[in-house]
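To start, the structure itself, in structure tokens.
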Amino acid sequence: MAKTLFTNVKIFDGTGSRSFTGEVLVEGNRIKSVTKGGKKTPRNGAVVVDGGGATLMPGLINAHCHLSYTGSQRMSDIPPEEHTLISMHNAKTIIDYGVTAAVGAGAAKPRLDVVIRNEINAGRIPGPRFLACSPEITVTGGLGDERQMHMYHNDLSLYADGPEFIRQACRQMIREDVDVIKLMLSGDHLVPTMCDADQSAMDEDEVAAGARVAHQRGRRLAAHARNAESVKLCVKYDIHLVYHATLADEEALDLLEENKDRFWVIPAIGFTHATAYDAGDHGFSPDYAKELGFVSELEIGSETLKKMHARGIKVLPFGDYGFAWTPHHEMARDFVHFANYLDMKPGEILRAATSYGAEAFGKPDELGQVTPGFLADLIMIDGDPLADLTLFQDADNILMIMKDGAYHKPPLAPRSFAQPAAAE
Ligand SMILES: [Zn+2]
């Protein structure tokens, strides 16, 4: 079995806020051992990689990933053939920036996530471990319903009204082999014709029907849930991936706190920030974005998310990258947003981006940590990310990327070098 020993590295293991000097031995696709301080790991035929003082840490885990979002305004106009290729390129971009596992959060066409996941798993294209998601399942006039009366067809979302049709939409997508069902419980400020952020779009019987089908068939559930009622419905119906939750009230926070080991909040605050301040070239001037409610959403959301973090509710970075004003390669901007808007410390942010991400992914005992026995999904950063969270924004700072024990990006000289081990 192939063995690789990373030496002369600082290790951030994903579980705490401190990093330590040490060595990590990878055997096959698993982490075999982790040593601290000057203790030497027996070489025993391992290829030795000298990290030159770089930081070795778990690969990042994005639990709110729209892999098929293309950065164009109307994704429903892109033919499926082109759309598949763009999604393939996005998968490469995402792992190029150190994300070794991602949870699909809504595909832009029904089978895009599924086919990309299958190709990644078959080893034919590069990309993170990936849980394929359904398109966003939404009610008429809910978030994602881009239709107007003169249009006969649009496939960005799946439209379903009433429990019967919600059930059918979920069952169809499970038949197509998604891992995750995404339901649009609340609205958003984004498009005035769609349900607003502080309103519920789906009725409780519709949420219950969709959740039941997903649970029955062993699929994970994710929800767009901004307003308080929608967050409460997530808890009531075991929708474990709660996207946004920015308008959660005290009762909703109490419910999340009581169940904090079973729910993960991925607010996508970078999207709100970018829409409020960076999207002028894309139809959202700062004044218009403010008028739509994005500035107040950011202020209220920031306070809500700070409370969540203080209560021990797990709040994770990433989410809603892939729009024109939030390109995929900028997703690590969220780390800085989390420091600024949530007052989270760098170690807490990186733990949320690794070991909490693994929980949200459904592999808490195998991913997101540099711990013996865990899968070897590792990255090496040029510098100390705990001192500079912006390092992840430049792919050149990521010196090595390993997924499942195999290099996506091998370490290069002169910073690191590999050599056959001498017999000891
Ligand atoms: Zn989203």
Exercise. Quick one: would you say Asp205 is surrounded by fewer than 24 Cβ atoms within 10 Å (Cβ to Cβ), in contact (Cβ under 8 Å) with a residue 24 or more places away in the chain, within 20 Å of the chain's Cα centre (by Cα) and more than 16 Å from the ligand (Cβ to nearest atom)?
Worked result: no
Scanning segment 211-230 for residues that are more than 15 Å from the ligand (Cβ to nearest atom) and in a helix (DSSP H, G or I) gives Ala211, Arg212, Val213, Ala214, His215, Gln216, Ala228, Glu229
Of the conditions (1) part of a loop (DSSP other than H, G, I, E, B); (2) surrounded by 24 or more Cβ atoms within 10 Å (Cβ to Cβ); (3) polar (S, T, N, Q), the single one that Gln148 does not satisfy is (2)
Cβ pairs under 8 Å, 6+ apart or interchain, first in segment 1-28 and acidic (Asp, Glu) and at pLDDT 95 or above, second in a loop (DSSP other than H, G, I, E, B) and loosely packed, with under 15 Cβ neighbours inside 10 Å, ordered by first then second residue, are Glu23/Lys39; Glu23/Lys40; Glu27/Met1; Glu27/Ala2
Restrict the check to segment 15-30 and report whether at least one residue is polar (S, T, N, Q) and in contact with a Pro (Cβ under 6 Å, 6 or more places away or on another chain). no
Within segment 237-253, restricting to residues that are touching a residue at least 12 places away in the same chain (Cβ under 8 Å) and part of a helix (DSSP H, G or I), the one that is farthest from the ligand (Cβ to nearest atom) is Glu251
query = Looking at this structure, is Ala339 of a type in the set (Gly, Ala, Ser), under 23 Å from Asp13 (Cβ atoms) and away from the ligand (no atom under 16 Å from the Cβ)?
reply = yes
Within the bounds of segment 309-321, is there any residue that is more than 16 Å from the ligand (Cβ to nearest atom), part of a strand (DSSP E or B) and more than 29 Å from Arg74 (Cα to Cα)? yes
Subset of segment 262-275, residues over 12 Å from Thr326 (Cβ atoms) and either modelled with pLDDT under 95 or within 14 Å of the ligand (Cβ to nearest atom) (or both), comes to Trp264, Val265, Ile266, Pro267
Only unsatisfied item for Ser134, checking (1) more than 24 Å from Ala352 (Cα to Cα); (2) in contact with a Gly (Cβ under 8 Å, 6 or more places away or on another chain); (3) surrounded by fewer than 20 Cβ atoms within 10 Å (Cβ to Cβ), is (3)
request  = Determine whether segment 32-41 contains at least one residue that is part of a strand (DSSP E or B), surrounded by fewer than 20 Cβ atoms within 10 Å (Cβ to Cβ) and within 27 Å of the chain's Cα centre (by Cα).
outcome  = yes
Among (1) outside any loop (DSSP other than H, G, I, E, B); (2) farther than 22 Å from Met308 by Cα; (3) modelled with pLDDT of 95 or more; (4) of a type in the set (A, V, I, L, M, F, W, C), Val178 falls short only on (1)
Considering segment 44-54, residues that are surrounded by 16 or more Cβ atoms within 10 Å (Cβ to Cβ) and part of a loop (DSSP other than H, G, I, E, B), and then whichever is nearest to the chain's Cα centre (by Cα), we arrive at Ala54
Those residues of segment 115-131 that are crowded, with 24+ Cβ neighbours inside 10 Å and within 24 Å of Ala223 (Cβ to Cβ) come to a total of 4
Exactly one of Ala214, Ala197 is small (Gly, Ala, Ser) and touching a His at 6+ places or on another chain (Cβ under 9 Å), and that one is Ala197
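The values are calculated or read from the model by the stated rules, or taken from the named source; none is laboratory data. Please read these numbers as outputs of a predicted model, since none were measured by experiment. Note: ideal-geometry Cβ built from the backbone for every residue, glycine included; neighbour counts use all protein chains shown.
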